[in-house]
Every structure is written in structure tokens, then in C-alpha cells.
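Colleague: Shown below is the structure under consideration.
Read-outs: derived from the displayed coordinates by stated rules, not from any lab. The structure presented is a predicted model; accordingly, all values stated were derived computationally and were not measured. Glycine also receives a Cβ, built like all others from the backbone with ideal geometry; neighbour counts cover every protein chain displayed.
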Amino acid sequence: MFDAVLFDLYETLVTERGTMPDRGSSFGPRLGLEDVAFRKAWKTQRTRVVRGELSFADALCEVGASLGCRIDLAAVYRLSDERRLEKAGLFARFDQEALSVLGQLRERGVRLALVSNCFPEDVEAWPTSQAAQWFDASVFSFEVGAAKPDARIYLEAVRRLDVKADTALYVGDGGDDELLGAERVGLRAAHASWFRGELPGLPARVPRLSSWQALLELATAG
């Protein structure tokens with residue numbers, strides 16, 4: 001049995017499928033900026049927001065400045081508020097099987113951590129969600145200044161849980177090279193395929209989990 005399980009957030013614990021939230025890269029026209037130029041400039045700024053180097057609002061303003069435009073701050077704050085509400089809505093739709101398995105893992109003494117690449121706005125509502133009660137630690141990229149697959153974010157999670165990396169399991173949908181990143185620091189990795197399906201190119205050694213029950217069995221085996 002594993003001492004701990006570390007979870008990705010989006011497309012692992014919750015899904016954006018069917019909700020069609022606006023991506024940050026699509027905000028250019030709403031700010032009066034040319035779409036293609038905005039998307040190109042946003043790519044670099046998004047990485048800085050994920051690592052906590054500047055806020056979402058400041059990133060939008062910096063993109064505008066780089067494109068020679070002064071952005072309306074009221075519009076920027078509206079977009080920030082929209083993002084908060086959209087992300088908060090996801091936390092109101094946890095799958096009941098997921099909540100049950102999280103509870104069973106904790107009841108069996110398995111420690112749980114959330115490890116997510118995200119903006120502050122994305123997880124503002126996380127502490128009041130149904131799932132948060134089962135987690136011993138939440139490690140967000142913007143707080144620790146490192147984003148998956150950077151080793152530091154995984155190592156911070158196992159440090160907070162007070163477990164060794166080789167006794168912990170990392171579960172995610174595979175975005176941001178997170179699974180192989182977890183393996184590189186000594187964690188066991190497993191692919192959560194219940195929302196997104198198969199992940200092309202994933203090494204055969206990484207277990208594919210098609211259900212929460214399969215995760216429970218893997219995490220508590222032996």
C-alpha cells in the first residue's frame with residue numbers, strides 16, 4: 001500500500017469537459033487586441049502567472065503594453081472575476097465516486113496531496129469544496145514558484161506530507177509531462193484516463209486507470 005497519493009487537479013479530480021470555459025489565450029479581442037498577436041504574447045506571460053511571478057491581471061496589462069495598447073482595467077478585472085466563477089463552478093460538480101474513494105483512502109491512512117499548475121483565481125474556491133476535507137496538503141505552482149514537471153513542486157508535496165517519494169503515487173491525466181516528471185523524482189506514476197482517455201506515447205510501465213475503483217485498488221494493494 002502506498003503511504004500517500006498526489007493528485008493532479010484538472011481532468012483528474014475535476015473536468016472542464018462540457019463547460020467550455022474561455023481560455024486566457026482567447027481574451028485578446030475582448031480587450032481590443034488582435035487575436036493572433038495576443039495569443040503569441042500571452043503564451044510567455046501565462047507561464048509567469050502559473051509560477052506566481054505576476055498576477056493574471058498584470059499579465060494581461062503587460063501583453064497590452066507589449067502590443068502598444070493600453071488596456072481598460074475594468075475589462076481586465078471583469079475577466080479575472082469570470083475566471084474565478086468558472087473555476088469555482090467546477091468544484092461544485094465532483095463525481096460522487098471520486099469523493100467516496102478519497103474518503104476511503106484517508107480512512108485507510110493514506111495521506112493525500114493536491115499538486116496543480118494553476119493561477120490563484122483558479123483555486124480560490126478549492127478550500128470550501130467537498131473534496132478539500134480529505135487532503136492533507138495543497139501545493140499550487142503559483143505559491144511555490146515551480147510548475148510541473150519541475151521536480152520542486154513534487155518534492156514540496158512529499159515534504160508537506162512527511163513521506164518519502166518512493167512510497168507515494170502520483171495520479172494525473174498527463175498534461176505538462178507531469179507523469180514522467182513525477183517518475184523522475186522517485187514517485188510512482190499512474191495515468192488517470194477517466195476524463196480524457198488514452199495518452200499516446202505513455203510508457204507501458206505507467207498504469208492506466210480507467211476508474212476511481214481501479215485507483216483505490218492500486219493505491220491500497222498489498
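Colleague: Treating only the Cβ of Lys, Arg, Asp and Glu as charged (+1, +1, -1, -1), what charge dipole size does the chain show about its Cα centre? Round to the nearest 20 debye.
Modeller: 260 debye
Colleague: Between Ser211 and Arg184, how high is the FRET efficiency from 1/(1 + (r/R0)^6) when r is the Cβ-Cβ distance and R₀ = 35 Å? Nearest 0.05.
Modeller: Approximately 0.85, to the nearest 0.05.
Colleague: In terms of modelled amide H atoms, which long-range or inter-chain residues lie less than 5 Å from the amide H of Glu16?
Modeller: Glu11
Colleague: Next up: Might you report the magnitude of the Cβ-based charge dipole of the range 103-165 about its Cα centre, with Lys and Arg at +1 and Asp and Glu at -1, to the nearest 20 debye? All intermediate terms of the calculation are to be shown ahead of the outcome.
Modeller: On the way: 8 positive and 9 negative charges, 81 e Å.
Approximately 380 debye in magnitude.
Colleague: Just add up the charged neighbours of Asp150: K/R +1, D/E -1, any other residue whose Cβ is under 15 Å from the Cβ of Asp150. Working shown, then result.
Modeller: Numbers: positive: Arg48, Arg51, Lys148, Arg152, Arg159, Arg184; negative: Asp8, Glu53, Glu143, Glu156, Asp176, Asp177, Glu178, Glu183.
Result for the neighbourhood of Asp150: -2.
Colleague: Continuing with this model, one more query. Sequence-distant or interchain residues sharing an amide H contact under 5 Å with Ser138, placed H: which?
Modeller: Leu114
Colleague: Could you sort the peptides 165-175, 68-78 by per-residue average Cβ neighbour count (10 Å cutoff), highest mean leading?
Modeller: 165-175, 68-78
Colleague: How many nm is it between the label spots at Ser25 and Glu107, if each spot is 7 Å from the Cα in line with the beta carbon?
Modeller: 4.3 nm
Colleague: Can you spot the aspartates and glutamates whose alpha carbon is less than 17 Å from Lys43's alpha carbon? Ignore those fewer than 8 places along the same chain.
Modeller: Hits, sequence-local ones excluded: Asp22, Glu34, Asp35, Glu53, Asp58, Glu62, Asp176.
Colleague: While we're looking at this one, here's another question. For Ala57 and Asp166 in one chain, what is 0.36 nm times their gap in residues minus the Cα-Cα distance, to one decimal in nm?
Modeller: Working: separation 109, 0.36 × 109 = 39.24 nm, distance 3.90 nm.
Length gained between Ala57 and Asp166: 35.3 nm.
Colleague: From the Cα gyration tensor of the range 13-65, with a ≥ b ≥ c the square roots of its eigenvalues, which class applies: rounded if a/c is under 1.5, or else prolate if a/b is larger than b/c, or else oblate?
Modeller: Oblate.
Colleague: Of the labelled options [x] 41, 37, 34; [y] 56, 39, 38; [z] 61, 32, 32, which one gives Cα extents along the principal axes in Å as computed for this structure?
Modeller: From the options [x] 41, 37, 34; [y] 56, 39, 38; [z] 61, 32, 32, the structure gives [z].
Colleague: Cβ neighbours within 10 Å, averaged per peptide: list 97-108, 136-147 in order, most packed at the top.
Modeller: Descending packing order for the listed peptides: 136-147, 97-108.
Colleague: List every residue whose amide H lies under 5 Å from the amide H of Arg111, counting only residues 5 or more places away in sequence or on a different chain, with H placed 1.01 Å from N in the peptide plane.
Modeller: Residues meeting the amide H criterion: Ala4, Val5.
Colleague: Now, a different point. Any idea what the dipole of the range 24-90 comes to, in debye rounded to 20, about its Cα centre with Lys/Arg Cβ at +1 and Asp/Glu Cβ at -1? Numbers along the way, then the final one.
Modeller: Working: 12 positive and 9 negative charges, 45 e Å.
Taking the Cα centre of the range 24-90 as origin, the dipole is about 220 debye.
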